[in-house]
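Encoded as structure tokens, the structure appears first; notes follow it.
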Amino acid sequence: EAGVTQFPSHSVIEKGQTVTLRCDPISGHDNLYWYRRVMGKEIKFLLHFVKESKQDESGMPNNRFLAERTGGTYSTLKVQPAELEDSGVYFCASSRKGLAGVNEQFFGPGTRLTVL
Amino acid sequence: GNSVTQMEGPVTLSEEAFLTINCTYTATGYPSLFWYVQYPGEGLQLLLKATKADDKGSNKGFEATYRKETTSFHLEKGSVQVSDSAVYFCALIRNYGQNFVFGPGTRLSVLP
């Protein structure tokens, strides 16, 4: 079974440009999460999808960030326009639904975003 | 709010040394606690977890015990190997389906 995949692995853009990150969760996983680690600090939650619906987007830093999950499969995270402080590693994670207790979130390898 | 604090790194050890990475948390209620590891060039992997007080999580020689009285979940390993070199993240989650709260990560380098 393939794990969570993310594309691209690394993106270098200039301030003011637009970048779109993609995450493909594990097949059949309804829950999809975006996190980011900025400047070597803690990994912070951005938002959570259940299928195609945004369950919790309380971690989105501002309206320059737009996440979508059309059809409840893969998700994209667009940053427009990018700022210097957006540089960091963006992680995606997915988990199954319907399990009792706390289920495991499986993380992708991350996309390293560098804004110059 | 919920938060996780970890000891600052980097931590550099010789092979076969004893490892402790401290982790303390602040949370309402009874969170589940986790250690994740990120090896160079790879994603985050679950190392171990504990879901209630006094539980001990263990995997690959690593152990951590959920201590509610001290709100801690320290990671230990009796004899580290070069292959353990990675970044270790302590994390908590309040309830099913909610997001993780992570600590800042501790980079471990093990020298041969």
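The table that follows gives values for the structure above.
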{"item": "Carbon plus sulfur fraction of accessible area for chain B, probe 1.4 Å, in percent", "result": "47 percent"}
{"item": "Rg ratio (alpha-carbon, reference 2.2 N^0.38 Å) - chain B", "result": "1.01"}
{"item": "Solvent-accessible area buried by pairing A with B, both sides, nearest 100 square angstrom, 1.4 angstrom probe", "result": "1700 Å²"}
{"item": "For the protein assembly as shown, alpha-carbon Rg relative to the globular expectation (2.2 N^0.38 Å, N residues)", "result": "1.01"}
{"item": "Extreme residue, positive dipole direction of chain B, given options B:Asn59, B:Ser72, B:Thr12 (C-beta unit charges)", "result": "B:Ser72"}
{"item": "For chain A, average projected area of the Cα convex hull in nm²", "result": "7.0 nm²"}
{"item": "Sites matching GluC sites (Glu not before Pro) across segment B:1-110 that sit in DSSP coil, with at most 11 neighbouring C-beta atoms within 10 Å", "result": "B:Glu8, B:Glu16, B:Glu69"}
{"item": "Portion, in percent, of the accessible area of segment A:1-56 that falls on carbon or sulfur, probe 1.4 Å", "result": "45 percent"}
{"item": "Accessible area of B:Met7 in the full protein assembly, 1.4 Å probe (Å², nearest 10)", "result": "60 Å²"}
{"item": "Net dipole in debye of segment A:36-116 [+1 Lys, Arg Cβ; -1 Asp, Glu Cβ; about Cα centre; nearest 20]", "result": "160 debye"}
{"item": "For the protein assembly as shown, share of DSSP beta bridges that run antiparallel, in % to the nearest 5", "result": "90 percent"}
{"item": "Gaussian network model of chain A, Cα within-10 Å springs - most flexible of A:Gly40, A:Gly16, A:Gly88", "result": "A:Gly40"}
{"item": "Within chain A, percent of DSSP bridges classed antiparallel, to nearest 5", "result": "90 percent"}
{"item": "GluC sites (Glu not before Pro) within segment A:44-84, DSSP loop, no more than 15 other Cβ atoms inside 10 Å", "result": "A:Glu52, A:Glu57, A:Glu83"}
{"item": "Cβ neighbours within 10 Å from other chains - mean over B:48-59", "result": "0"}
{"item": "Debye equation applied to the C-alpha atoms of segment B:58-105, log10 I(q)/I(0) at 0.28 Å⁻¹", "result": "-1.19"}
{"item": "Translational D in µm²/s for segment A:54-116 (Stokes-Einstein at 4 °C, 1.567 mPa s, Kirkwood Rh from C-alpha pairs)", "result": "95 µm²/s"}
{"item": "Residue-normalised accessible area of segment B:46-112, given per residue in Å² at a 1.4 Å probe", "result": "43 Å²"}
{"item": "Estimated FRET transfer efficiency when R0 is 41 angstrom, pair A:Lys51-A:Glu83 (beta carbons, to 0.05)", "result": "0.85"}
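The values are calculated or read from the model by the stated rules, or taken from the named source; none is laboratory data. Every value quoted in this text rests on a predicted model; they were computed, and no experiment measured them. Here Cβ is always computed from backbone atoms with ideal geometry, including for glycine, and neighbour counts include all displayed protein chains. Heads up: the accessible areas ignore ligands, DNA and RNA and are worked out on the full protein's heavy atoms, side chains in. Shrake-Rupley method; radii C 1.70, N 1.55, O 1.52, S 1.80 Å.
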